[in-house]
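Notes follow the structure.
None of the figures in this text is laboratory data; all of them are computed from the coordinates on show. Being a predicted model, the structure only gives us computed values, none of them experimental. All Cβ positions, glycine included, derive from the backbone under ideal geometry; neighbour counts span all protein chains shown.
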Amino acid sequence: MKRVITISALLLAGTSLASDARITKSEYVDQWKATAIQQMVDNKVPASITLAQGILESASGNSSLAIKGNNHFGIKCHGWTGNKMYLDDDKSDECFRVYKTADESYQDHSEFLMGYSRYAFLFTYDVTDYKAWARGLKKAGYATNPKYPDLLIGIIEDLRLDQYDKAGLPSEGYKPELVVSIDTYSNKHNVIVHESKVKYIRVKKGDTFYKISKEFGLNLSQLHRYNNFDGKKYVLEEGDIVYIMPKRRRGLFKNKEIVAKTDMTVEELSQTYATNVKSIKRLNNFADDTIVSKGDLVTLR
């Protein structure tokens, strides 16, 4: 059965939040850009296209389908065995997939595009060619609205989403000190226990935020929050440190201060010493863009 997804009825049928609680387009982008970029790295779907479709199909996360069903892309039920919602779309009372988390909606969106032969030609386009992708989605039958490509392109250009198609921040692997033990409850990663009792893993080749979150029963927002990755880091590299539980708000170190062995950002200090970013900034009166110089004293508790 041909699978057709449109946005018009979803926007009409979606129940809105109170006007002062609605998510703006910019807020939506801030919330989901790291996830969209990771999907691009994993599955070659442009981050700009994913974000623009999420904004368009879910009314920036404000539609009933997004709020109640965690479905940000209007994906219908064909072959779906999980929970479902029914809304009027091309026809009345149509079936839509319901996800446990919105992260799963993002993953399913990528898998949908990769899994149907009619979308195969899209992957011959350069990942930075958002215009070709937008027009190709309409050609392949993703939506019935004839203005669908123009709507996507307009969102991408208004919000400059194409910048995320080029994202992939280089990273030098952090090297946390004070490691005292290894917990082997994970089948895929050795879980290292910092002296502060916070557990983390080292990224292996092929790891992604999504894969790690699934392995440890976390959602992507938790993983990003534990590691202060939101808006700062989009792509995992081999050797990176990823914490799988919240960092301490107060360090449990023998010394109250450490001496920086190299120039470090606040985020790098946080990763190295398993201490919450806000605590480090508060204790040292650091700003968001503070760079600690080699030899500086830094208070951790």
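For the cross-link pairs 204/278; 205/261; 100/211; 166/247, which exceed 20 Å when the distance is taken from alpha carbon to alpha carbon? Intermediate results must be reported in sequence, preceding the final value.
Working: 204/278 28 Å; 205/261 27 Å; 100/211 16 Å; 166/247 30 Å.
Cα-Cα > 20 Å for 204/278; 205/261; 166/247; rest within.
With label points built 7 Å along Cα→Cβ from the Cα atoms of residue 204 and residue 237, find their separation and express it in nm.
Placing both labels 7 Å beyond Cα along the Cβ direction yields 2.1 nm.
Give a residue-ordered list of calculated ³J(HN,Hα) values for the range 259-269 (Karplus: 6.51 cos²θ - 1.76 cosθ + 1.60, θ = phi - 60°; whole Hz; x for Gly, Pro).
Couplings: 9, 5, 8, 7, 5, 9, 7, 4, 5, 5, 4 Hz.
Using R₀ = 30 Å, calculate the FRET efficiency as 1/(1 + (r/R₀)^6) where r is the Cβ-Cβ separation of residue 101 and residue 299; round to 0.05. Could the numbers behind the result be given before it?
On the way: r = 37 Å, r/R0 = 1.23.
That pair, residue 101 with residue 299, gives E of 0.20.
Work out the FRET efficiency for residue 118 and residue 259 from their Cβ-Cβ distance, taking R0 = 45 Å, and round it to the nearest 0.05. Kindly include the intermediate steps, with their values, before the conclusion.
Working: r = 60 Å, r/R0 = 1.32.
Given R0 = 45 Å and the Cβ-Cβ separation, E is 0.15.
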